[in-house]
Structure formats: structure tokens, C-alpha cells
Amino acid sequence: MIRVGVVGAAGKMGRQVLAAVAAAPDLEISCAVDPRIDEVTLDSSIVQAEDLTELPDGVADVLVDFTRPDAARQHLAATLRRGFHLVVGTTGIGPDELRELEAAAEASGANAVVAANFAIGAVLLLRFARQAAPYFDGVEIIELHHDQKLDAPSGTSIATANAIAEARAEAQAPELVDPTTTMVLDGARGAKAAGAVPIHSVRLPGLVAHEEVIFGAPGQGLTLRHDSYDRISFMSGVLVAIRQVPRRSGVTVGLESLLDD
């Protein structure tokens, strides 16, 4: 039995993780952390805290973190150093934070899985985009999210652009060229990610999480799209990460490699 703690337990994703873990026969909720923890109905046997510093050492095997980027940057490395394995779904974790996590993991022996998206379909989209990337002359990404999302572009779209750029570089495909010569409005061509892949961000009420990758070549096009209509779509990947992180040495970025085991 893997004992799981949820950090950000009062948030929408945190509540979904609590329900998913509670329903899994090989997992159990041992603790929950959130400044608004009193808003969550939990069994009295579950350790509850408003802040991570209040958690006793060893209270959980794995902590699942779905908090705000500013909060996560302050506590993730410190949590690893305390020996908790981590599954991190908080977006906006950059290269500097990852290096800090790697150092903390090496020092403590605890492990982390950091993923921009835990939906299996989104992970497969990234894999298919990597496969298609060398065969097309152009590619653009459109990511669409709910209007409460704080960061843009999404971590998923950045990871997709990185994968496309890496695949094109490995195949020695020509550099992407933007034919636009006149910008009537700044930003009309989106943000240029790795490999000059444009990313366009949409934020609207009613959306959850959606990504579209559009490839083009003379006489043909290929569109890959994934839609998360409900946050439950992320839970299968979260459970995979929880089960695997104790035996995944160091810091694993992305869910894709976990699906091959």
C-alpha cells in the first residue's frame, strides 16, 4: 500500500486527486495540505495541515503537488530533501527549478515525476507529434484552456514544441521559416518556442484543457488534437506516476517514459 499526501487538496485538481487515490485499492490518503484545508471533508485518520512545514516526517510515501507555481517553487526542493517522493502537476516549473529538484533528489534519495499534463491522450499526442515532425515543412500549436489558468503558453504546449524541435534537429530537417513579413498587430503570429515553433494561447470560460498541433506540407496537412473535457482525464496518469515514482531514480520529466513500463 502506497501512502499518498495531496498538496493543494482544496483546489479543483487536488479534490480530484483525493477522490482518485481513495478509489484505488493499492493506494491510501495519509495526509492533505492546503491553506483552506478546513473546506475539505476528510476522514479523521488523515493528517491535515495548512502548510507543508506542519507535516510530520514520514507521514506519506508520495506527495502529489497541484499548487500555484509561485508556491511550488518555494517548497518542492525542500519537500524532496525531507525524503518525500513527489508527483508534480503544478505548471510553470522551469529549468532552474528542475536543476534544484535534481540536486535535492540526489542529496536525499527521494524521487520526483514532473509532468505538464497527466492525460494519457495528451502524452500520446506529444509522441505522435514527435514522430510526424521531420516529415512536414511547417507546424503550429494552438493550446486552449479555461479562463482561470494563470500561465501562458501552457507547459504542455511548450513540451510539445520542445519535442518537435528535438525530432526535427535529430532528423536534420530544415529550420522552420515564418513567411510573415509585416506584423499588423504584435503577437499575431503567436510566441516562438523551441525550434521557432509558434504557440497560440486561447483562454475562455467553458474550456478545460485542449491542444491542437497543425502540420503542413505542399498539398497536405496533418492535425493532431487532444481534448480534456473534465479534470478526471488527468487522473489515470497521476495514478501511474504515484505508483512508479518510488522506483524512478532522480527526477523524471514528462509522463511518456512511464507509459513504456
Of all residues in the range 214-261, which are in contact with an Asp or Glu (Cβ under 8 Å, 6 or more places away or on another chain), of a type in the set (A, V, I, L, M) and assigned by TED's automatic domain parsing to the domain that holds residue 147? 214, 217, 224
If I filter the range 14-26 for residues that are crowded, with 17+ Cβ neighbours inside 10 Å and acidic (Asp, Glu), do I get at least one hit? no
If you go through 112, 72, the only one that is buried (at least 17 other Cβ atoms within 10 Å of the Cβ) and touching a residue at least 60 places away in the same chain (Cβ under 8 Å) is 112
With respect to residue 81, is the statement that it is of a type in the set (D, E, K, R), over 18 Å from residue 231 (Cβ atoms), out of contact with any Gly (no Cβ under 7 Å at 6 or more places or on another chain) and surrounded by 17 or more Cβ atoms within 10 Å (Cβ to Cβ) true? no
The condition from (1) closer than 13 Å to residue 119 by Cβ; (2) modelled with pLDDT under 95; (3) not assigned by TED's automatic domain parsing to the domain that holds residue 92 that residue 211 misses is numbered (2)
I need the full set of residues from the range 203-220 which are exposed (fewer than 14 other Cβ atoms within 10 Å of the Cβ) and in contact (Cβ under 8 Å) with a residue 60 or more places away in the chain, in order please. 204, 206, 217, 218
Of all residues in the range 217-232, which are under 17 Å from residue 130 (Cβ atoms) and of a type outside the set (D, E, K, R)? 217, 222, 223, 224, 226
For the range 164-188, what are the residues that are without any contact (Cβ under 8 Å) to a residue 24 or more places away in the chain and surrounded by 14 or more Cβ atoms within 10 Å (Cβ to Cβ)? none
In the range 119-139, what count of residues is obtained for those that are part of a loop (DSSP other than H, G, I, E, B) and either under 22 Å from residue 233 (Cβ atoms) or at pLDDT below 90 (or both)? 1
Residues of the range 221-238 classified as surrounded by 15 or more Cβ atoms within 10 Å (Cβ to Cβ), closer than 26 Å to residue 139 by Cα and among the charged types (D, E, K, R), total: 1
Counting only residues that are of a type in the set (Asp, Glu), give me the helices (runs of 4 or more DSSP H) lying completely in the range 154-261 with at least 1 of them. 155-170, 256-259
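The values are calculated or read from the model by the stated rules, or taken from the named source; none is laboratory data. Computed from a predicted model, the values in this text were never measured in an experiment. Note: ideal-geometry Cβ built from the backbone for every residue, glycine included; neighbour counts use all protein chains shown.
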